[in-house]
Amino acid sequence: MVERPFSEGAEAVVLKEKFMGVDSVLKKRNPKRYRIKQLDTQLRLRRTRSEARIMLKLLRGGVRVPRLLSAGRYTIRMELIDGTKLSDMQKSGGIPVSALRKSAAELAKMHDLGIAHGDFTPANIFVSGQDVFIIDFGLSSSNAIAEEKAIDILLMKRSIKPEEFQEFLSSYKPSGRSAIISKLAAIERMGRYQSRTMDSKA
């Protein structure tokens with residue numbers, strides 16, 4: 001039985017509930033009236049299946065993500081992570097170094113499995129006890145290219161302090177991901193070039 005709304009985004013609503021006596025989270029992709037009905041049905045079905053498959057692949061690959069409890073046509077039920085978001089830690093004194101390093105380690109494992117998160121920010125990282133969990137794979141992609149993985153790092157870089165990012169990056173790099181780091185630098189160079197070009201035309 002659903003207890004109360006947990007959060008609601010552009011694509012899905014998330015509800016807290018009890019499932020077979022376990023505290024859990026139910027993610028529902030509800031119909032979008034502005035889309036053609038057939039297209040809406042196909043999109044919701046495909047995205048739900050993709051997210052569930054990615055979560056299973058991550059779980060089997062040893063990445064700390066919520067345990068998948070069940071999946072329906074448009075719903076995913078997972079365990080509730082009892083912890084604190086990194087984004088909340090930011091607001092109350094800063095992110096601990098250990099959490100930054102563990103977040104980087106989990107992202108590195110994801111990338112080694114060929115998966116890019118798509119929205120890797122402090123709002124999608126939980127600290128629970130001594131562990132760090134990654135959540136929300138609605139924008140994730142399998143068989144990701146280096147550029148998609150680099151964007152994960154760039155999103156994190158733009159979300160935390162420079163000194164925090166250095167701690168994060170130091171724990172991501174050691175496993176030989178030079179192609180991704182090189183792509184990150186290329187994306188940033190392109191961004192600076194586009195910014196200068198736009199300024200010169202203003």
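Read the figures in this text as sums done on the coordinates, not as results from a lab. Just so you know, these numbers come straight off a predicted model, no measurement behind them. Positions of Cβ are generated from backbone atoms using ideal geometry, with glycine treated the same way; all protein chains shown enter the neighbour counts.
Normalised by the number of residues in the chain, the mean separation of alpha-carbon contacts (under 8 Å, six or more apart) gives a relative contact order of 16 percent. For the pair ASP131 and ASP40, the difference between a 0.36 nm per residue extended length and the Cα-Cα distance amounts to 29.1 nm. On the beta carbon distance between ARG33 and LYS173, with R0 = 35 Å, the FRET formula returns roughly 0.15. Between LYS18 and ARG158, the contour length at 0.36 nm per residue exceeds the Cα-Cα span by 46.8 nm. Length gained on full extension, VAL97 to ASP112: 3.1 nm, using 0.36 nm per residue less the C-alpha separation.
Annotation: Cα Rg of segment 76-141 relative to the compact-globule expectation 2.2 N^0.38 Å equals 1.09. Derived from the Cα gyration tensor, the three semi-axes of the equivalent ellipsoid of segment 2-79 are 22, 17, 9 Å, largest first. Diffusion coefficient (Stokes-Einstein, Kirkwood radius over C-alpha pairs, 10 °C, 1.306 mPa s) for segment 49-167: 110 µm²/s, rounded to a whole number.
Computed over the chain, the per-residue total of -39500 (n - 2.57) for DSSP H runs of n ≥ 4 gives a 222 nm mean residue ellipticity of -15500 deg cm²/dmol, rounded to 500. For the chain, the share of alpha carbon pairs falling in successive 10 Å distance bins from zero is 8, 31, 33, 21, 6, 1, 0 percent.
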